[in-house]
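Undergrad: Structure below; questions to follow.
Read-outs: derived from the displayed coordinates by stated rules, not from any lab. The shown structure was predicted, so the numbers you read here are calculated from the model rather than taken from an experiment. Virtual Cβ from ideal backbone geometry, glycine too; neighbours counted across all protein chains shown.
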Amino acid sequence: MTYAQLEAIRGRIVVSCQAGPESPLNAPHFLAALAQSAEMGGAAAFRVDRPENVAAVRAVSDLPILGINKIHVPGYEVFITPTFASARAVVEAGAGLVGLDGTGHPRPEGEDLGEIIQRLHAECGVPVMADIATVEQGLAAAALGADLVATTLAGHTPDSPGRDGPALDVLEALVAATDVPIVVEGHIWTVEDVRACFELGAYALVIGSAITVPQFITQRFVGAIPVGAGRTRVAVRS
């Protein structure tokens, strides 16, 4: 297994090129265009959901792709690359790294986190990033062989509090407790957030909404409009 792609993202930014089902950008060619734009801006790699989107991005870029495969299975909380088959599908589409739910919650088909990590190493030859919500989950995923641990789910699960900014507390605790590289993903909106994460020891950052989701970017600017804006009329000279 090669770890060259891990070294390629060290101290860099991975751009998440995803779009929800409601987005007009939810099509492979649009996501590929977003990836190309991000590459022009200095992105080191991409996080891409679904095999068809991974293939579209791979067709336009040689940068590393962190592939995920979101599949909602009734009765299971885990939906980020929940099975080995879902992980293998994005590898076959062109991903050189795989991201998956690393919380340790029950998975479909009776598989467990450690088994999937081991099979991805042995059968696909790719590094694995475990998305977690808590420090305990991060340490458990590292012990099971995850090559990277990411704070992706912090603030999004019942066992982690909501937050407005990146999970700096989780980052700091994991950096102090394990040698496995820690990636910060989620709630990164400003250059100050970027600096804070790297200063606390982040290996890399994954940024999505602040770069590739126009409706969220627009909402932030619209939300900053002060009450009463535009009410003062400017005199027009004749």
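Undergrad: Of the listed values (i) 8, 29, 31, 18, 10, 3, 1; (ii) 8, 32, 36, 16, 4, 3, 1, 0; (iii) 8, 33, 34, 19, 6, 0, identify the label whose number matches P(r) over Cα pairs in 10 Å bins from 0, in percent calculated from this model.
TA: (ii)
Undergrad: If you don't mind, there's one more thing I want to ask. Once amide H atoms are placed 1.01 Å from N in the peptide plane, what residues at a sequence separation of 5 or more from S16, or on another chain, have their amide H within under 5 Å of its amide H?
TA: R47, I207, G208
Undergrad: Now for a different question. In what sequence do S37, S160 fall when counting other Cβ within 10 Å, fewest first?
TA: S37, S160
Undergrad: Of A19, V194, A142, whose Cα points farthest to the positive end of the dipole of the stretch 4-214 (charges on the beta-carbon: +1 Lys, Arg; -1 Asp, Glu; origin at the Cα centre)?
TA: Final value for the positive-end residue is A19.
Undergrad: What residues have an amide H closer than 5 Å to that of K70, excluding those fewer than 5 places away on the same chain, when H is modeled at 1.01 Å from N in the peptide plane?
TA: Amide H neighbours of K70, under 5 Å, 5+ apart: R50, T81.
Undergrad: Work out the length of the dipole vector of the stretch 63-157 about its Cα centre, built from +1 on the beta-carbon of each Lys and Arg and -1 on the beta-carbon of each Asp and Glu, and round it to the nearest 20 debye.
TA: Dipole magnitude for the stretch 63-157 comes out near 180 debye.
Undergrad: Right, something else. Provide the gained length on full extension for the span E115 to D62, in nm with one decimal, where the gain is 0.36 nm per separating residue minus the Cα-Cα distance.
TA: Gain on stretching E115 to D62: 16.1 nm.
Undergrad: As an exercise, identify the chymotrypsin sites (Phe, Trp or Tyr not before Pro) in the stretch 39-94 lying in DSSP coil whose Cβ has no more than 10 other Cβ atoms within 10 Å.
TA: Within the stretch 39-94, no chymotrypsin sites (Phe, Trp or Tyr not before Pro) qualify (loop, at most 10 other Cβ atoms within 10 Å).
Undergrad: Let me ask something else about it. Tell me, what ³J(HN,Hα) does each residue in the stretch 107-121 have, in order and in whole Hz, if you take phi through Karplus 6.51 cos²θ - 1.76 cosθ + 1.60 with θ = phi - 60° and put x for Gly and Pro?
TA: In residue order, the calculated couplings are 10, x, 6, x, 6, 10, 4, x, 4, 5, 4, 4, 5, 5, 5 Hz.
Undergrad: Another question, if that's okay. Before anything else, pin down the relative contact order of the stretch 72-150: Cα pairs under 8 Å, at least 6 apart, normalised by residue count, whole percent.
TA: That works out to 29 percent.
Undergrad: In addition: In what order do T81, T212, T190 fall by count of nearby beta-carbon atoms within 10 Å, going from fewest to most?
TA: T190, T212, T81
Undergrad: Still on this structure, please answer the following. Could you tell me the calculated FRET efficiency between D164 and Q36, based on Cβ-Cβ distance and R0 = 41 angstrom, to the nearest 0.05?
TA: Efficiency, rounded to the nearest 0.05: 0.85.
Undergrad: Say a paramagnetic label sat at a point 7 Å from the Cα of A143, along Cα to Cβ; which residues of the stretch 169-197 have their backbone N under 13 Å from it?
TA: 178
Undergrad: Take the Cα atoms of the stretch 42-112, find their three principal axes, and give me the spread along each one in whole Å, biggest first.
TA: The principal-axis extents, from largest down, are 38, 20, 16 Å.
Undergrad: Which order results if C197, C17 are arranged by neighbouring Cβ count within 10 Å, fewest first?
TA: Exposure proxy ranking, most exposed first: C197, C17.
Undergrad: So how far apart, in nm, are the two label points at R220 and K70 if each is 7 Å from Cα heading toward Cβ?
TA: So the label points at R220 and K70 sit 1.9 nm apart.
Undergrad: Rounded to the nearest 0.05, what FRET efficiency do T190 and N26 have when you use their Cβ-Cβ distance and R0 = 25 Å?
TA: 0.40
Undergrad: To the nearest 0.05, what FRET efficiency results for H105 and A85 with a Förster distance of 25 Å applied to their C-beta separation?
TA: Step by step, r from the Cβ atoms, then E = 0.85.
Undergrad: In sequence order, what are the phi-derived ³J(HN,Hα) couplings for the stretch 146-156 according to the Karplus relation 6.51 cos²θ - 1.76 cosθ + 1.60 with θ = phi - 60°, rounded to whole Hz, with x for glycine and proline?
TA: Here the 3J(HN,Hα) series is 4, 7, 9, 10, 10, 7, 3, 9, 4, x, 10 Hz.
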